[in-house]
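These notes concern the structure reproduced below.
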Amino acid sequence: MTAEPVAIEDSIESDRPVLLELFGQAVRASYPDLARMTRSEARDRIEAQWAWYREQGGHVRVTRAPGGGVSACCWSLPTHHPVTGVREWFIVILAVDPGHRRQGLGRLLLDDARNEARKVGIHRLRLFTHTANVAAHSLYREAGFEEATVELVLDGEESRG
Ligand SMILES: CC(C)(COP(=O)(O)OP(=O)(O)OC[C@H]1O[C@@H](n2cnc3c(N)ncnc32)[C@H](O)[C@@H]1OP(=O)(O)O)[C@@H](O)C(=O)NCCC(=O)NCCS
């Protein structure tokens, strides 16, 4: 028997709480700066950023488990390279619910983002992830991404506001 293909759809308003939870898990893995915030501070920050990115054309695509709950999500948006001005598709967050990992959902949503980008004539994707995130690195490399820049951070007391 062949497994049903997994459907990908735009998220809906009632997905918001679970999306914020998944985003929170993913950003902790990718942006250690956020690890210093409390869960609720991080959640507020993500929500504010999400609202802002939405205005710039950002959207969240999801896959669903049989009961209808979100099993994985990808938040992305069209943007431009900050210096060259070349149009790019920026993947803000890709996150798979821990109970649904290693089932191909991450790769599926990544390919979906690539298709979304192509539809509007964008062929370059960009994302950030932490050097220690082995699962993400493996997934992105396997999907054809190559390391392009290394981010260096000077984290003195004076920069902590
Ligand atoms: C990274 C993440 C999105 C991968 O999602 P996933 O649905 O489990 O990945 P897939 O099943 O599509 O895996 C595709 C390939 O990626 C690689 N991969 C995925 N997870 C891996 C892991 N834990 N270890 C090693 N390789 C891994 C493998 O090559 C895998 O192919 P295979 O299963 O045939 O070996 C998921 O682990 C996750 O949500 N992590 C927490 C949030 C996060 O770090 N997000 C990325 C940063 S924004």
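The values are calculated or read from the model by the stated rules, or taken from the named source; none is laboratory data. Keep in mind that what you see is a predicted model, and the values were worked out from it rather than measured. Neighbour counts run over all protein chains shown; Cβ positions are idealised from the backbone, glycine included.
Across segment 123-134, the qualifying residues are those that are at pLDDT 95 or above and farther than 16 Å from Trp75 by Cβ, and the one among them that is nearest to the ligand (Cβ to nearest atom) is Arg124.
Check segment 75-90 and report whether any residue there is within 14 Å of the ligand (Cβ to nearest atom), within 18 Å of the chain's Cα centre (by Cα) and among the hydroxyl-bearing types (Ser, Thr, Tyr). Yes, some residue in segment 75-90 is within 14 Å of the ligand (Cβ to nearest atom), within 18 Å of the chain's Cα centre (by Cα) and among the hydroxyl-bearing types (Ser, Thr, Tyr).
Is it the case, given these coordinates, that Ser14 is modelled with pLDDT of 90 or more, within 16 Å of the ligand (Cβ to nearest atom) and polar (S, T, N, Q)? Judged against the criteria, Ser14 is not a match.
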